[in-house]
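Only one structure is covered here, and it is reproduced in the block below.
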Amino acid sequence: MAVHRTDPAAPAPPTIAFAGGTLDRAAHLRADGQAARLRQQGTSRAVLVGPDQQVALTAPRTLALVPPSQLPAGAHLTFLGLDRSGAARFAADALDLRTDSGDTFTPLRQLMAELDPAEAALAAYAVGMVGWHRVHRHCGRCGHATEIEEAGHRRHCPHCGLRHFPRTDPAITMLVQTGERCLLSRRHGAPANRWSALAGFVEPGETPEEAVVREAGEETGIKVIGVEYVTAQPWPFPSALMIGFWAFVAAAGGDAIPTPNPGELVEARWFGRTELASALQHGSIALPPPGTIGNFLISTWLAGAKPKTWAPVQKA
Ligand SMILES: [Zn+2]
């Protein structure tokens, strides 16, 4: 979703890294043989994924795009899609190549605000696919080795027949607000002065909206009565999709004092808009890094973004 700027002199709006990829995923080319033929084309390139969620760079802010002809012939490449010129893009697991590519690997998380947005999205896609392959080499039902199908978009167990598909775990993050105040928290393990929006994973049998209500209650005791979807962020560390919301409390709810769950939070409190802007200006507190959806939600609220149509969460 775009948050429209009303003041032309306002600073550039915050961005969401890894979203807005320009690749045509061309799923019709995943069938047997099609992607293998594309691999032979001179314009085809592969993103190399190193240990954890690292990607190969050729320059400090430039993703390495390696011709498949420079990779071992037997190396598996996952077909990602076609770029705007129609050239094929693949992902390769550098840990499988058994050759030293000579490339410099950097954690993708550090590159969020550095890479060109389309390259960041491509890298997130590659990291997500390679990470999924790494932990699905064996069948989750019978333990037999699985086989790769659909140009890397499916794994199949030849023993019990189970098919495994690339995994995305839905997670929610929400800025609870009363109009002029928002609820922020400090998490265990985060930098000492970093205040963030609340967040958590969607559980089985639950909608994202219901997860917002549950997580706000579990983490702070604050009762959310309505939500509005704002935007989402692919978060390949290792496989989440962060779904971002504004969340609202009843008129009297803004007086409620948050009670941080000590298992999850160090501290939680309401911040007034002016107070938060001032604290950020003086550097006494910090937000999540630019490029994260948490930074986006807080920054756009601070800049005056208003909810448009929020809906009550239906609970029987
Ligand atoms: Zn099996």
The set of cysteines in the chain having no other cysteine's C-beta under 4.7 Å reads Cys182
Farthest towards the positive end of the dipole of the range 27-134, among Ser69, Ala56, Gln110 and with Cβ unit charges of +1 on Lys and Arg and -1 on Asp and Glu, lies the Cα of Ser69
Which residues qualify? For Val55, with a placed amide H closer than 5 Å and at least 5 residues away or on another chain, they are Gly50, Thr106, Leu108
In degrees, nearest 10, the alpha-carbon axis of helix 273-282 is tilted away from the dominant principal axis of the alpha carbons of the chain by 60
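If we sort 117-129, 80-92 on the protection proxy, mean other Cβ atoms within 10 Å, highest first, what's the order? Before the final figure, lay out the partial values.
Working: 117-129: 23.2, 80-92: 19.2.
Per-residue mean Cβ counts within 10 Å order the peptides as 117-129, 80-92.
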Distance in Å, no decimals, from the C-alpha centre of the range 245-316 to the one of the range 47-124 is 36
Dipole check, the chain, charges on Cβ (K,R +1; D,E -1), about Cα centroid: among Val266, Ala211, Leu183 the Cα furthest to the positive pole belongs to Ala211
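Rule-based calculations on the coordinates, nothing more; no lab input. Keep in mind that what you see is a predicted model, and the values were worked out from it rather than measured. Cβ atoms come from the backbone with ideal geometry, glycine included; neighbour counts cover every protein chain shown.
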